[in-house]
Structures are given as C-alpha cells and as structure tokens.
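This report concerns only the one structure given below.
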Amino acid sequence: MKTFFSFLLFNSIIFGNVLAQYQLDCIDNLPTEKIVLDLDRNLYIAGEKIWFTAYCLENGNLHNRISKVLYLELFNGEKKAFIQQKFKITNGMAFGHLDIPEQIGTGHYFLRAYTNYLRNFSADYATFELISIVNPLVDSKDIGEPEMQKTSSLPVTKTTTLPVEIQLSKKRFKAREKVVIQLNPNIDKSAKLNITVRKKGLHQANTITKITQQNPWLSNADQTFVKTKQLEWLPETRALSINGIVVDSETKKPIANELCMVSVIGETTQLHLTETKDDGSFLFSLKGLEGKQNLFVGLKNRTKKNMEVLVKNDFSTSFPSINQFAFSYDSTQHQIIEELYLNHQIGSAYTFENQYASFELPMNNNFSRNIAQANTSIDVTSFIQVPTMEEVFRELVPAVNVKGKIGDRYLSMINDELFQTFDDPIVLLDNVPIYNIEKLLEINPKKIKKIDLINSYYLLGDFMVGGILSIKTNTDNFAKYQWENETAFVEYKTISPSTSLRSPNYNNAATKGSTKADFRTILYWNPIVDLRSTSFEFYTSDHLSEYEIIIRGMTIDGQPYFGKTDFNVVNSLK
C-alpha cells in the first residue's frame, strides 16, 4: 500500500457556479430517469446483507443509455451515511448486496438509489426505501412509538400491475426439502424479474406507512423534471467517472486549458489525459475497475505557479428534508426479531462446504488496463549498483538520455529503429505520473527495481504522447518522491462486484446428512430471472416457519410485474 500525501475531496457548493462542467442550451425535452428498487425485505439484523435489484427507467422505458452506474447509500435521519457503494448498470438493471455494519445502532434507515445524472435535480428525485435495523448488542436511545407530527396525504400513482402466477406442487414442506417454483409460461420473455423467498414477517408495511406520512418524499412518487440550462453532473454514459476542477490556489479562480492526467495506482494501470474546460473542470471515465482504488490526479504541464487540483465528491451531499422519528417497536415484533437474531448468529457460526449459487453471474468482460506491454524492460537489480539515477539511465537504459542543465534537466527517449526522439515522454513512478525530473534524479538507485519503456508514439484517448517511461521502486512510499499542490491522491470507490446468494446444496448426500444447523432467513434470491425457463428450485432450511415467495419486475416499457404466494416448512407432513 503506497503512502498518500493528500486527500482532496470537496462538495459542489464550495465554488458555486464555477463547478458547472459544461454549459448547455436550455433543453425543452430533458430525458427523465427513474430508479425502481426491490429489496429482499425491509427488516434486518446488524451484520446481515441487504440483497437488492434495481431497474433504471429512461423516459419510462427499461434501458440505460444515459447511465451506466448506480449509486446506493444507507443513511439515517441525521443524514449520516453508513454505506456508500456503486454498481454497474447493464441492460437497464443492477443488482448485488450491501453489508450492514456490525456496530450500527438499532433504528430506521433510508436506502437511496440514484445516478450521476439525477444529481442535477432535487434530492427528492432519488429513489428511497425505508429499512429497519435491529442491533441487540448496541444500546439505542430512540426506541418507542414515533411521535406523530403533522402528516400529509401521499401522492397516488396509478399504475397497472401485471400479475405473475406462481405454482407450487404443495403448500407444506419438510426441512431441507427441494421446492420447485413454476411460473406462468405466458410471461413476456423480454421482461426483467426478480425472485425472493423469505421468512414471513420481514416486510414492515405499517412502519413504512407511518414514517412516509411524515416524509412524503419516501413515496417515490412520479415527479416532473424541470428545465435546466446546464448539467453540473454529466451522465455516466460510458463508465464510472471522476471529475473536479483546477483553480488558482490563491484566488480560487478556475484555470482553463491545462493538460490533466489521472492514473489508477496498482498492477493494472489506467492512465488518462484531458484538458480542463473554460470553467477549469475536468472529467475522466474509469472503465472496468472494482472495489476501492487509489487514484492520482495531476497536471502534466504547469503554466502557473499557484495551481491546485480539487476532486469533486463522488456521492451526493444533498439530502431531502427529514422529519425525525424514533424506532417503532412493540411486543408483536419481539418474536420475529428474536428469530432473526438467532438465525443470523447460527448462519455466522456454520458454513456448508457444498453450496450452490441461486443464479449464474454474468461473465465479467471489463477492460481495466490501457497501457500496453513495454517494448523494453530492464531489471535494475540484476546489475551492479551505480551511485546516481543519471548514471542508471546512461549505463543501463541507453534509449533514455538525461538532457539540459542541472536544475532544469529533462529526459529524452530514443527509438533507433524509427529514427525518432521523444523529448517529453510521460514518466511514471510506481504507476504515478511525475513532472519534476530533478527530484527523480535525486532518488537513490538502490530503491529502483525495474524500468519499462514504450519508446514510440502512444495514443491515450484524444492525445498522442511521445513515449512512456515506467519506473518501479521496491518501496511503499514512491522512494520518498514528493508531489506538489497541482496533484491530488484519492482513495476512490469504484464498482462493487455483483454477487450471488449461496445456499447449502441438499442434493449432495453429505450436505443433506450434515449435523450443521441451517436457519437461513432468505431461502432464495434471484435478481435476474432467465425466462427461457419458467421453473426454479431451492431448498428449505431447518427453520420451521411460514415463508413467502415474492416475484417483482417489469416489462421493457416499464410496466410492473408482481406475484406472491406462501408455504410452510413443518416437522412432519402428516
């Protein structure tokens, strides 16, 4: 892990209109976008997973030409975010899970979903779901019946829901028995459906109604998009983006036409270039990245001394107006919460070796690297140590020359085969661009292990660069090289990989006869139902209880599907 020297994130309100990325003419027919969010339930124990399926509607139709990235956040009534993650939208859908922190307190929380495009409008345009989380190990002061405030009538959205017929061979099953779901074969094969099989009592409808009456924005009612003359947040039509602004560090005025670079620090390097706009803004698309990534943002050339790179906050800092409320709890919920907590403890204690995925994950064909293999690679450690970096280049890397006077030296790269010389190659130190060659030449050669060269013209986006020189150190602090204010190091959240629920496979004799306890609350979750088949199967657990099968989804033109049925898991079928 490399040591970072600065961390610059700022909110869009600091410099006001300076941050508008691109000025656009007034759009009379601005596209509308809406996220529909389906959760496996809305009652959880701290430490459990929230499984979700999200549908992205553009002008009422299911596709994602505008947005390729979904943002999900879990926050409380005090607008404190506990989870912030991003997911890839494919064919109008995103799915995955969120891990609820073990130490989160008991209370009601909001899960909101939005895209970068939706950040241009009111915070109410996001999609919200209310969930309740219980943590018996953490005291909470806000437990009791919510104090009823002035309520408002909720908007009524008239939507025709298409029914889904669900057929089961019977209504009573034994523990660890296979259950087969049969769906109506007349379902539109182009529709997108998701299936959840859960213990009954995990959907707290009364709680949702009470709190939504005090916070009408929770109803996710249809709203009319207003006209706008500018989009501060550009739609992520290609991939996840990172953007910000270059300003004069003293006057805070934007600086235009500066060549800005971003590098993804790691084994699979991405390097991108762009010029700042008239308002000083820049934007990069980062494709194929997953998890937390360390990024470097800086300027290739400095036209002014006092310049500063500021990276914009990647999650929204705008929240709806929230009316506070206490966690609603009464004796009728005691049993279900107690069972949930016990099931979670058992699930954490026992792991079955033979498990199956509830659905097959799509293949990940993400492109995550845009720097090719080097033409020449030199292992510096294989040679006798020389005292200075200048001698390293002169003795070990004949294709690179150190030119200029001391105090103003630069590197020149030669390609003898092409009879070309490149006097301004991009120089990378542990995959991070550096601009001060004098500082580079001060590094102790003992800290260098490898030097790679691409000594030809190289196309990076819209820019043709003359050669790339990549220097790898054997340190975790860039051999103590120091960058200046015209750079920013950022730990950036990229795409969270989609995952599948895994369950014990009782078709396996060893697993079926296992003495390990199985008390799953969610028996089956499939966010991307393949309608080429109308038959789906799962296994019951050891928990003798009532369960329900919920099927939701929509057609390509945005018409919702819904189906529901229930069954029991019993000790005996007599």
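The values are calculated or read from the model by the stated rules, or taken from the named source; none is laboratory data. What you see is a predicted model; the values in this text were computed from it and never measured. Please note: Cβ atoms are built from the backbone with ideal geometry, for glycine as well, and neighbour counts cover all protein chains shown.
Data overview
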item	result
Residues being among the acidic types (Asp, Glu) and more than 19 Å from residue 371 (Cβ to Cβ) - total across the stretch 429-459	2
Residue pairs meeting the criteria (Cβ under 6 Å; at least 6 apart or on separate chains; first part of a strand (DSSP E or B), in the stretch 452-465; second of a type in the set (A, V, I, L, M, F, W, C) and loosely packed, with under 12 Cβ neighbours inside 10 Å)	457/464
Candidate set: the stretch 84-127, residues that are in contact with a Pro (Cβ under 8 Å, 6 or more places away or on another chain) and in a strand (DSSP E or B); chosen: the one nearest to residue 364 (Cα to Cα)	90
The one condition in (1) of a type in the set (Gly, Ala, Ser); (2) out of contact with any strand residue (DSSP E or B) (no Cβ under 8 Å at 6 or more places or on another chain); (3) loosely packed, with under 15 Cβ neighbours inside 10 Å that residue 169 fails to fulfil	(2)
Filter pass, residue 395 being more than 40 Å from the chain's Cα centre (by Cα), surrounded by fewer than 16 Cβ atoms within 10 Å (Cβ to Cβ) and more than 23 Å from residue 264 (Cβ to Cβ)	yes
Check on residue 42, surrounded by fewer than 21 Cβ atoms within 10 Å (Cβ to Cβ) and at positive phi	no
Candidate set: the stretch 111-123, residues that are hydrophobic (A, V, I, L, M, F, W, C) and modelled with pLDDT of 95 or more; chosen: the one nearest to residue 316 (Cα to Cα)	113
Subset of the stretch 538-571 (residues that are more than 23 Å from residue 176 (Cβ to Cβ) and among the hydroxyl-bearing types (Ser, Thr, Tyr))	555, 561
Counted residues, the stretch 174-214 - those being under 20 Å from residue 330 (Cα atoms), in a loop (DSSP other than H, G, I, E, B) and in contact with a strand residue (DSSP E or B) (Cβ under 7 Å, 6 or more places away or on another chain)	3
Filter result (of a type in the set (Gly, Ala, Ser) and not in a helix (DSSP H, G or I)) within the stretch 487-511	488, 496, 498, 500, 503
Scan of the stretch 43-64 for residues that are at pLDDT below 95 and in a loop (DSSP other than H, G, I, E, B), ordered by number	59, 60, 63, 64
Among the residues listed as 415, 375, 401, 370, the single one being surrounded by 12 or more Cβ atoms within 10 Å (Cβ to Cβ) and either without any contact (Cβ under 8 Å) to a residue 24 or more places away in the chain or touching an Asp or Glu at 6+ places or on another chain (Cβ under 8 Å) (or both)	401
Residues within the stretch 543-567 that are under 15 Å from residue 173 (Cα atoms) and crowded, with 16+ Cβ neighbours inside 10 Å, tallied	7
Per-region count, the stretch 65-83, residues among the β-branched types (Val, Ile, Thr) and assigned to a loop (DSSP other than H, G, I, E, B)	1
